[in-house]
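All remarks here apply to the structure that follows.
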Amino acid sequence: METVFDISAVVAVVATLMVIAQSRAVHALLYLTVSLLAVAVVFFTLGAPFVAALEVIIYAGAIMVLFVFVIMMLNLGAEAARQERRWLTPADWFGPAILGAILLAEMVWVLASPQSAFPAPAANDPRAVGAALFGPYVLVADLAALVLLAGLVGAYHFGRRSAEAGEGEAP
Amino acid sequence: MSDTARSLVTIFAVLLGALTLAGGFIWVERRLLALFQERWGPNRLGPLGLFQGVADMIKIFMKEDWVPPFADKPVFVLAPMLIMVTTLASLAIIAFAPGLVVADLNIGVLFFLAMSSLGVYSVALAGWASNSKYALLGGMRAVAQMLSYEVFMGLSLMGVVMMAGSFRLTDIVAAQKSLWFCIPQLPGLAVFFIAGVAETHRSPLDLPEAENELVAGYHTEYSGMKFALFLLGEYVGMTVVSAMIVTLFFGGWAGPLLPPVVWFLVKTLFLMCLFIWLRASFPRPRYDQLMLFGWKVLLPVSLLNLAVTGAVLLVRGA
């Protein structure tokens, strides 16, 4: 299990780097999807198969597909990729690289210090996750639902306006 | 036999069986469609025309595998692989008989939903990478249709999961010992079946590839083996959805006299024939009708089913 964890962790990091380095939007999104899938494997190896499945269903399978959908609608051509390449000059890498290096050093230091051993992965079944979500964390779950409701109302508002402005065809 | 050898044998048996079934089913579909439409269908090659599929495969192998110069090459090649990978991966969790399952995951149902939601990428990316308008239109339709119907697909299964108390498919089959879930979960079955047709974009819900308006939709630019992968992926997807319906609603391998695997195959084949019957019977709805039907009929039905199932289970448990 530990080897699987290591491999998928490396895949996740490399894929995330590729997200930033890609100049074509769809390729970047695909790398982001790969990164999310790798994180799902990490969750699985840490003993949280339920979270891993939700990560794939919700993040990789729904949210990222919506991103791809939007990019498809925009239909960016080669011109957009060229523009992106102009913006991604080596000088721009300087700041983020320093910040990233600091975080990396911190992580290595934390991992190397002896008292920070990982807690032994205990398998969490869906029942336990559900009980936790509707037990101690019920307020957080409700708040998240409220945020989603706000998004829904907003989307409805925009949808209505464009429907009324349309050429008299019933929505 | 050691555990590894046993699972390897299971994996290859399942792969071989599913691919043969899916490939052979193309012939069944053509003969059945012909029967429904009062014509003969392919009946010349071999007994009952059985070798027609082999001939078609040889033809498709020989065809030029063309990548259009205006396409985004890596994504164009990736897209047809994705549909095969996701549909074949979902076969891993299906329990064909006691002990005959590749991975008896405790999140089996969720794994199936995850794989079917990753399958969306295949059509979406095929539509985008082809860089032509019909393919793009087909891809956009596919994303909207599959994303919406995924929601109802997941919700409709939660009633079954609540009744069985587990996401594991063998547990769900065991929970149907006394009564198949198709009776208490009839609304769930109806929603799941319709959503399954939409997820595999089979006719009549094949709007992403509606040939009389979009040429061939998302796979307009594909030819040769890449096209064959899309076709085969669709049939494997149909097999998986049928097998899932059998497992979740029709008692899985349970049945008198015959061995469990045979019962499972008989039930699955029956459901696959139902898919073809649907194709022969219904006209394709308009795109907005499809979306309205999904959100205004299937969503309330599956939510109601969920609430009622929960209430009944609560009352019974109390």
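What is the total of Lys pairs in the protein assembly as shown with C-alpha atoms under 25 Å apart, excluding same-chain pairs fewer than 8 positions apart?
Here the count comes out as 9.
Longest exposed-loop-site-free stretch of chain B, with trypsin sites (Lys or Arg not before Pro), DSSP loop and at most 14 other Cβ within 10 Å?
Looking at chain B, B:64-176 is the longest stretch - no exposed trypsin sites (Lys or Arg not before Pro) with at most 14 other Cβ atoms within 10 Å.
Count, for each residue of A:55-63, the Cβ atoms from other chains sitting within 10 Å of its Cβ, then give me the mean as a whole number.
Whole-number average of other-chain Cβ neighbours for A:55-63 is 5.
Can you tell which of B:Phe230, B:Phe112, B:Phe282 shows the greatest fluctuation in a Gaussian network model of chain B with Cα springs below 10 Å?
So, out of B:Phe230, B:Phe112, B:Phe282, the one fluctuating most is B:Phe282.
Cα convex hull of chain B: mean projected area in nm², to one decimal?
For the Cα atoms of chain B, the hull's average projected area reads 18.2 nm².
Report the Stokes-Einstein translational diffusion coefficient (µm² s⁻¹, integer) for the stretch B:138-225, Rh taken as the Kirkwood radius over Cα pairs, at 25 °C with viscosity 0.890 mPa s.
Once the numbers are plugged in, D ends up at 166 µm²/s.
Below 8 Å between Cα atoms, with a sequence gap of 6+, how large is the relative contact order for chain B in percent?
23 percent
In Å², and per residue, what accessible area does the protein assembly as shown have when probed at 1.4 Å with the other protein chains present?
Ligands and nucleic acids excluded, the result is 53 Å² per residue.
Which residues in the stretch B:154-193 place their backbone N less than 18 Å from a point set 7 Å from the Cα of B:Phe293 along the Cα-to-Cβ direction?
Within reach of a label on B:Phe293: B:154, B:156, B:187-193.
GNM on chain B, C-alpha springs below 10 Å: top fluctuator among B:Ala55, B:Ala18, B:Ala228?
B:Ala55
Sort out the exposed loop GluC sites (Glu not before Pro) in chain B (DSSP loop, at most 11 other Cβ within 10 Å) and tell me the longest stretch that has none.
Here the longest run is B:65-318.
If you take the accessible area of B alone plus A alone and subtract the pair, what total do you get in square angstrom, rounded to 100, with a 1.4 Å probe?
2200 Å²
If I take every Cα pair under 8 Å that is 6 or more residues apart in the stretch B:217-273, average their sequence separation and divide by the length, what percent do I get for the relative contact order?
This gives 29 percent for the stretch B:217-273.
Roughly what would the spin-label model give for B:Ser223 and A:Ala131, points 7 Å off Cα along C-beta, in nm?
Calculated label separation equals 6.1 nm.
Take the Cβ-Cβ distance between A:Val19 and B:Trp40 as r, set R0 to 56 Å, and report the resulting FRET efficiency rounded to the nearest 0.05.
0.55
Only helices at least 20 Å long along their own axis, judged from Cα atoms, and with Kyte-Doolittle mean hydropathy of -0.5 or greater: name those in chain B from DSSP H.
Qualifying helices: B:3-36, B:73-90, B:108-129, B:133-164, B:224-249, B:260-281, B:299-317.
Which of B:Phe12, B:Phe76, B:Phe25 moves most in a GNM of chain B, Cα contacts under 10 Å?
Highest fluctuation of the listed residues: B:Phe12.
Run the helix sum for the protein assembly as shown: -39,500 (n - 2.57) per DSSP H stretch of 4+ residues, divided by residue count, reported at 222 nm to the nearest 500 deg cm²/dmol.
That comes out to -23000 deg cm²/dmol.
The values are calculated or read from the model by the stated rules, or taken from the named source; none is laboratory data. What you see is a predicted model, and the numbers here were worked out from it, not measured in a lab. Glycine also receives a Cβ, built like all others from the backbone with ideal geometry; neighbour counts cover every protein chain displayed. Ligands, DNA and RNA are stripped out before the accessible areas are found, and what is left, the full protein with its side chains, is counted by its heavy atoms. Shrake-Rupley method; radii C 1.70, N 1.55, O 1.52, S 1.80 Å.
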